[in-house]
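Q: The structure's right below; bear with me while I get my questions together.
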Amino acid sequence: MRIGIFGGTFDPPHNGHLALARCSVKELRLNRLYIVPAKISPHKLEGRPTSGRHRINMLQKMVRGKLQKKCWISRLELERAGPSYTMRTLAYFRKQHPRAELYFVMGSDGLKFFPQWKNPDKIIALSWLAVGRRDDAARLPRAIPRGRVHWLKAQMPKVSATAIREAFAAKRSLDRSFLPGSVQDYIDRHHLYANQK
Ligand code: ATP
């Protein structure tokens, strides 16, 4: 059994997340990919994310078609108190799937600060890091053993949730390649991101 765990804020979920989900399922031949939105990311403590309910609804709109059969959207971190530490999440899934190969799916921008995450050694002991290249400068910090990293082959699209939130707040039209249409409709209908600085 091969299990992927894809954590993030997903505020909002976008085509970069979709590409990473699709290529990890395909390239790693995952039996299941858990998408786990964080309640409060330990790396983004300064701002409150959009409610978990809206982010789950948007994720459900993003994950459609073939991918839907493999993806489970998990409320684990949303229902747990305090910041969402990856180590605790992985330990939970390890208990659920004691014999599975676990892959923690992430974009390459996360590598730089990975050594400062809580218990990076334990994370690496519990799972492989499956990394999608977000830019050409993707480098592995020395503290992360090469043997625990699986570089995904697909090139990731240049889109970020920050750019999307800024565009909505400034009422700028959004590049069509940034978001699935169904997520864009959801954001419009619920007036999300309209009043942000
Ligand atoms: P923000 O702009 O608010 O920091 P983000 O777009 O990076 O958000 P997150 O929810 O923080 O999105 O990311 C969750 C995970 O998805 C992280 O591992 C991140 O590296 C990865 N990711 C985000 N955008 C992309 C992308 N365009 N390509 C590949 N991976 C991505």
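The values are calculated or read from the model by the stated rules, or taken from the named source; none is laboratory data. Owing to the predicted nature of the structure, the values given are computational and were not obtained by experimental measurement. Cβ placement follows ideal geometry from the backbone for every residue including glycine, while neighbour counts extend to all protein chains displayed.
Q: Is there a residue being in a helix (DSSP H, G or I), within 19 Å of Gly110 (Cβ to Cβ) and at pLDDT 95 or above anywhere in the stretch 28-50? Don't jump to the end; show me each part of the working.
A: Of all residues in the stretch 28-50, those in a helix (DSSP H, G or I) come to none.
No, because not a single residue in the stretch 28-50 is in a helix (DSSP H, G or I), within 19 Å of Gly110 (Cβ to Cβ) and at pLDDT 95 or above.
Q: Restricting to the stretch 102-134, name every residue that is surrounded by fewer than 16 Cβ atoms within 10 Å (Cβ to Cβ), of a type in the set (D, E, K, R) and touching a helix residue (DSSP H, G or I) at 6+ places or on another chain (Cβ under 7 Å).
A: Scanning the stretch 102-134 gives Lys118, Lys122.
Q: Condition first: under 24 Å from Ala21 (Cβ atoms), charged (D, E, K, R), away from the ligand (no atom under 16 Å from the Cβ) and touching a residue at least 24 places away in the same chain (Cβ under 8 Å). Now tell me which residues in the stretch 95-145 satisfy that. Walk me through it before giving the result.
A: So the first thing to find is which residues in the stretch 95-145 are under 24 Å from Ala21 (Cβ atoms), and the list is 95-97, 99-114, 117, 120, 123-124, 126-140, 144.
Checking the rest, the ones that are also charged (D, E, K, R) come to 95, 99, 101, 109, 112, 133-136, 139.
Narrowing the set further to residues that are away from the ligand (no atom under 16 Å from the Cβ) leaves 95, 99, 101.
Result: Arg99, Glu101.
Q: Residue under question is Tyr92, and the condition is that it be in contact (Cβ under 8 Å) with a residue 24 or more places away in the chain, over 21 Å from Val159 (Cα atoms) and either touching an Asp or Glu at 6+ places or on another chain (Cβ under 6 Å) or not in a loop (DSSP other than H, G, I, E, B) (or both); does it hold?
A: Taking the combined requirement at face value, the residue does not satisfy it.
Q: Can I ask one more? Go over the candidates Lys66, Lys61, Lys95 one by one and state the one that is at pLDDT 95 or above, surrounded by fewer than 22 Cβ atoms within 10 Å (Cβ to Cβ) and over 16 Å from Ile123 (Cβ atoms).
A: Checking each option against the conditions leaves just Lys61.
Q: Limited to the stretch 120-172, what total is found for residues that are under 18 Å from Val183 (Cα atoms), charged (D, E, K, R) and in a loop (DSSP other than H, G, I, E, B)?
A: 3
Q: Kindly indicate whether any position in the stretch 178-192 is outside any helix (DSSP H, G or I) and touching a strand residue (DSSP E or B) at 6+ places or on another chain (Cβ under 7 Å).
A: no
Q: May I pose another question? Would you tally the residues in the stretch 20-47 being closer than 19 Å to Val149 by Cβ, buried (at least 19 other Cβ atoms within 10 Å of the Cβ) and within 12 Å of the ligand (Cβ to nearest atom)? Steps first, please.
A: The first filter runs over the stretch 20-47 and keeps only residues closer than 19 Å to Val149 by Cβ, leaving 20-21, 23-30, 33.
Going one step further and asking which of them are buried (at least 19 other Cβ atoms within 10 Å of the Cβ), we end up with 20-21, 24-25, 28, 30, 33.
Of the ones still in play, those that are also within 12 Å of the ligand (Cβ to nearest atom) are 20-21, 24.
Total satisfying the criteria: 3.
Q: Restricting to the stretch 177-197, give me the number of residues that are more than 16 Å from Ile56 (Cβ to Cβ) and either among the aromatic types (Phe, Trp, Tyr) or surrounded by 14 or more Cβ atoms within 10 Å (Cβ to Cβ) (or both).
A: Within the stretch 177-197, residues that are more than 16 Å from Ile56 (Cβ to Cβ) and either among the aromatic types (Phe, Trp, Tyr) or surrounded by 14 or more Cβ atoms within 10 Å (Cβ to Cβ) (or both) number 4.
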